[in-house]
Ligand SMILES: [Zn+2]
């Protein structure tokens, strides 16, 4: 549901753009489980005015966002209960006597090293000092690029984004890609916007930079001067950056270049030596955003060496801050946690370290996780659901009144070619080269990063393995990958309230069914529709059908542009088009698939609600959430997903069966006349 794409920008943000539920769900006493939390509803709200509030309003009124969180809701609840499961595993393996080099030893000792706060505290920023000394010794531009390349081999996307993935126009082969990067704020517009909320974030970032310099030996006047120089440099990078909306055009992100050509166009990089240090042996690479590289090329020649060294110094410390002593951890938290995410307090150490273990040793930890918390039965039931959705989607495509038969046939072929991945990978990643020592947290992180980099690097110029996973098993998310033409559902999302093998179909189709439909639609959203069934960026549309599709996309953009989130902040319709299309398509497909089931054709009420009503209630329940304002503002700027309320109300106001199920009439706030409703897939 959150689209997982090759990292284009260097900044990592969203965790969960969504919701929660504290539901009374599984009762321990009786045999019956309650799958809908009726106490969360707002009896004073009208279904037709705001369905999201009708279903979740009672809960929203009472929900309190804990000081350590940016939001509360269904996703967070599930995330936290999954963290508890993961912690149980880690507590157990970290206390065992494991054979040296075994997965259990690596996973257990990694976690233990991260929990050893006394050692970490004592070391201060000692682990970074060798890198800072290297920066001090740099005397020219070649030295800068050499250092940057070395950091990239430790997975620090310093100065620019770098990654390996399928070639957009030859999707069976992997290619190395260079992307715009270098910023410490979430995206370019933060450097230019002058509204009050942006100013608060910029001030927090600048304070953080100064703090990092004072913590590593500068007096406050020097730190302020360095911060200014660094910020001006980043702002110049930002002038060349594409906006998040411009980045949605895959054609313009495809610029294959040979190394000699790069050297001719941007000689300051010293590409031959850069590629050598990166370990990339290939004739050509993709440069996602050439304007950024041209700008850096210019700045390498015009910006004083000292400013560059200041820049490197801060970003190496910034990358490491979370693994250093509490002064560094807290400085970073004041910026990222408080100013960007709206958290008041940092999450407890064990939660951070469980996530870090998952991030760094995902496939090792994941093996222990699925053994304990995933069943083949769940996988089987899920595959049935996915297959039913695929059948429903095919029928919808064949019935479309705006698409020609020729294009329909190709669309159906693409749908049939989907690879479906459920639960976890068949081929676990190898960690034999990773060394983990209980007393050396920082070195453990470096060892994992280097291993991951070498793994990615080994793919350059080789055929693409379509079955490879990039989400770890406990991840509560799902994805569609255009180059692989595949949909992926990790074990983490196959839990209540998305999915429960014992729930009635209305619950599962309104929950995980909607998620499946959403991911399938991504294969046909404004971006996905530009890729063919083999994952190549290649037009398969007739001109006329393509024009109609673009006009429909425009309707989606206009509708979501009209939704106001906070004071004067509204959704960016262009940034969120793909996700909104997937939400609108997803509910259609999930509903059609539900109608194939026995319950879908029945009228028996449960808890006083018809099967159709339960389907919609389940859908609105999975998106239950409440966010801190700071967090909501940041998401509006960077997240391609709409806020939860509009992920529910937007699709439903365009969906006829919802009108019937809840008797929505003219005069209700969600009412849209039948001929004005958006119908795409
Ligand atoms: Zn999505």
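Quick notes
- Looking only at the range 504-527, residues that are under 27 Å from residue 540 (Cα atoms) and more than 10 Å from the ligand (Cβ to nearest atom) come to 8 in all.
- Any hit, the range 483-490, residues being assigned to a loop (DSSP other than H, G, I, E, B), in contact with a strand residue (DSSP E or B) (Cβ under 6 Å, 6 or more places away or on another chain) and in contact (Cβ under 8 Å) with a residue 40 or more places away in the chain: yes
- So residue 643, is it within 16 Å of the ligand (Cβ to nearest atom) and either under 19 Å from the mean Cα position of the chain (by Cα) or crowded, with 20+ Cβ neighbours inside 10 Å (or both): yes
- Counted residues, the range 161-185 - those being out of contact with any helix residue (DSSP H, G or I) (no Cβ under 7 Å at 6 or more places or on another chain), part of a loop (DSSP other than H, G, I, E, B) and closer than 29 Å to residue 229 by Cβ: 1
- Number of residues in the range 289-330 that are outside the structural domain of residue 174 (by TED's automatic domain parsing) and without any contact (Cβ under 8 Å) to a residue 12 or more places away in the chain equals 0.
- Put simply, of 119, 68 the only residue that is more than 30 Å from residue 617 (Cα to Cα) and surrounded by fewer than 21 Cβ atoms within 10 Å (Cβ to Cβ) is 119.
Okay, residues lined up against (1) away from the ligand (no atom under 16 Å from the Cβ); (2) modelled with pLDDT under 95; (3) part of a loop (DSSP other than H, G, I, E, B); (4) surrounded by fewer than 22 Cβ atoms within 10 Å (Cβ to Cβ):
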residue: 17; (1), (2), (3), (4): no, yes, yes, no
residue: 27; (1), (2), (3), (4): yes, yes, yes, yes
residue: 31; (1), (2), (3), (4): yes, yes, yes, yes
residue: 78; (1), (2), (3), (4): yes, no, no, no
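- Qualifying residue in the range 551-562 (condition: away from the ligand (no atom under 16 Å from the Cβ) and in contact with a strand residue (DSSP E or B) (Cβ under 9 Å, 6 or more places away or on another chain)): yes
- Note on the range 654-679: residues that are in contact (Cβ under 8 Å) with a residue 40 or more places away in the chain and assigned to a helix (DSSP H, G or I) amount to 5.
- A count restricted to the range 515-539 and to residues that are in contact with a helix residue (DSSP H, G or I) (Cβ under 8 Å, 6 or more places away or on another chain), surrounded by fewer than 19 Cβ atoms within 10 Å (Cβ to Cβ) and over 22 Å from residue 246 (Cα atoms) stands at 1.
- Condition met for residue 351 (surrounded by fewer than 19 Cβ atoms within 10 Å (Cβ to Cβ), part of a loop (DSSP other than H, G, I, E, B) and under 22 Å from the mean Cα position of the chain (by Cα)): no
The values are calculated or read from the model by the stated rules, or taken from the named source; none is laboratory data. Quick caveat: nothing in here was measured; it's all calculated off a predicted structure. Note that we place each Cβ from the backbone using ideal geometry, even for glycine, and neighbour counts take in every protein chain shown.
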